[in-house]
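Below is one structure, written out as C-alpha cells; the observations come after it.
The values are calculated or read from the model by the stated rules, or taken from the named source; none is laboratory data. Here the structure is a predicted model, which means the values were calculated and not measured. Ideal geometry is used to build each Cβ from the backbone, glycine not excepted, and the neighbour counts take in all protein chains shown. Quick note on the areas: whole protein, heavy atoms, side chains included, nothing else; ligands and nucleic acids left out. Shrake-Rupley method; radii C 1.70, N 1.55, O 1.52, S 1.80 Å.
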Amino acid sequence: MSTLKRYKDLEKSFSKRLSGSVVRAFSSMGTWFGRLFRAGRQKMTIMLVPHTEKRILNLQISFFGLAACVLVLVGAAGALAFATVGYSEVAGKLAGKSDTLRSTQSDLDAIRDTTSRLMKAAKAFQGALDATLSKIGMQPQSSPDARRDGDLAAFFDSSDLGSGRLREASEIDRVTDYLERSVKPLQELGATVAAQGTILTEIPNLWPIKGGIGHISMYYGQNENPIYGSWYIHKGIDISTFRAGDPVLSTADGKVVAVAFDVGLGNYIIIEHKHGFLTRYAHLKAFKVQKGQLVQQGQVIGYIGNTGLSTGPHLHYEVHLGTETIDPLRFLNIKSNATALTQ
C-alpha cells in the first residue's frame, strides 16, 4: 500500500510540474508575442528636408508597415527578374527561328539554281539525242510526229506551271519523266548499231563478271530487303558467284570518278561513261583502279566481296542515265542480241 501511495504521489507531482511547465511556456510565448506586437506597432518618423524653404515633410510608419513595404519591394523585384529571364528565353528562341528561316531560304535558292542547271543540261541532252537519232535515220524525240508528253519541248513549255517551290518541283518531275522516256530510243539506237555488228564499248552492255559467270540473285525494281525484311526499290541487280574474289569488269569505256566506302554499299566504284551513263559496282572486296583513271570495257576494276550491308559475297551493279537509275538488263540484253546476230 505504501508503494502504491508513493507512486500516486509521484504521478501527481509529475502532472503538476508538467502542467506548470506548459502554462509557463504558453505564458512566455504570449509575453513574447505581446512584446513583438507592441514593438511592431511602434512608429518611426521619416523626415524629408528640402534644400529650399519649403515645408519639411514628415512620414510616420510602423515597423509592421515598413516590413510590408519591404516584402512588396522584394516581390516586385523577384517578378521583374523572372520576367527578364522569360524575355531572354523568348528572344533566344526567336533568334534561332530567324537563323533557321535564313538557312531554309538559302536552301531554296540553291534548289532553284540546281533546277535551272538541270533544265539547261536536259535541253542540251535532247539536242544531242535528236542529232544522233537523225544521223542513223531514226525519228527524233522532238519531231512533230513524236509523242508530245515524252518530248522536252513539253517540259520547256512552262506556261502552265506555278511559281516558287511548286514550280521547281514540277520542272524536276518533267525532266525525270523525259529522261525515263529517253531509255527506249537509246535502246533502239543500241539495237540498230548492234545489228550492224558494231561493238558498243561506250555503252554499259558487258556482263560485269569476268568469264560471264554468276547468276542474278536480285533483280531491279521492287524487292524484299534481305536484311530488314521490308519492301523497297532495288536500284540495280545483284550478281552472285557464291564466292568472293572473282574479277569485276568495267561494262563500258569510261573514267573512274569515285573509289570509296559506304556503310550500306561497302567498297564501291563509280565509272562515268559517254552519252550520260554512270555505272556503280558495290560490295567489293578490293579495288584495282584509282579515282581519275581511264578504263576500257572489259578491264578488271575490282573483286567481288561482302563489304557493307550484305548477306553474302555478291556484286551490286547499277546503271544511271542522267539523274535516274535504269534496269541494267536493258543494256546487258544488247550484248546478247548482238552476239546472236553475229553467230
- Note down all Cβ pairs under 7 Å where the first residue falls in the stretch 243-261 and is open to solvent by 20 Å² or more (accessible area, probe 1.4 Å), the second is of a type in the set (S, T, N, Q), and they're at least six residues apart or on different chains. 244/306; 253/201; 253/296; 253/297; 259/290; 261/267
- Message: Quick check on residue 302: is it in a loop (DSSP other than H, G, I, E, B), farther than 29 Å from residue 126 by Cα and more than 30 Å from the chain's Cα centre (by Cα)?
- Response: no
- Scan the stretch 306-320 and report the pairs whose first residue is assigned to a loop (DSSP other than H, G, I, E, B) and whose second residue is of a type in the set (Phe, Trp, Tyr) and surrounded by fewer than 19 Cβ atoms within 10 Å (Cβ to Cβ), with Cβ atoms within less than 8 Å and a gap of 6+ or a chain change. 307/261; 308/261; 312/242; 313/242
- Could you list, in sequence order, the residues of the stretch 1-44 that are in contact (Cβ under 8 Å) with a residue 12 or more places away in the chain and either open to solvent by 80 Å² or more (accessible area, probe 1.4 Å) or among the hydrophobic types (A, V, I, L, M, F, W, C) (or both)? 39, 41, 42, 43, 44
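Per-residue answers, yes or no, for (1) in contact with a Pro (Cβ under 6 Å, 6 or more places away or on another chain); (2) open to solvent by 50 Å² or more (accessible area, probe 1.4 Å); (3) assigned to a helix (DSSP H, G or I); (4) under 26 Å from residue 170 (Cβ atoms):
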| residue | (1), (2), (3), (4) |
| --- | --- |
| 55 | no, yes, no, no |
| 66 | no, yes, yes, no |
| 80 | no, yes, yes, no |
| 90 | no, yes, yes, no |
| 115 | no, no, yes, yes |
- Give the residues of the stretch 228-242 that are open to solvent by 30 Å² or more (accessible area, probe 1.4 Å) and charged (D, E, K, R), sorted by residue number. 235
- For the stretch 292-325, enumerate the residues that are under 29 Å from residue 222 (Cβ atoms), crowded, with 18+ Cβ neighbours inside 10 Å and in contact with an Asp or Glu (Cβ under 8 Å, 6 or more places away or on another chain). 304, 314, 315, 316, 317, 319
- Say we look at the stretch 227-242 and pick out the residues that are of a type outside the set (A, V, I, L, M, F, W, C) and in a strand (DSSP E or B); which of these is modelled with the lowest pLDDT? 232
- Message: If residue 278 satisfies all but one of (1) open to solvent by 10 Å² or more (accessible area, probe 1.4 Å); (2) touching a strand residue (DSSP E or B) at 6+ places or on another chain (Cβ under 7 Å); (3) over 25 Å from residue 182 (Cα atoms); (4) not polar (S, T, N, Q), what's the number of the condition it fails?
- Response: (3)
- Go through the stretch 189-211 and count every residue that is at pLDDT 75 or above, open to solvent by 50 Å² or more (accessible area, probe 1.4 Å) and not in a loop (DSSP other than H, G, I, E, B). 2
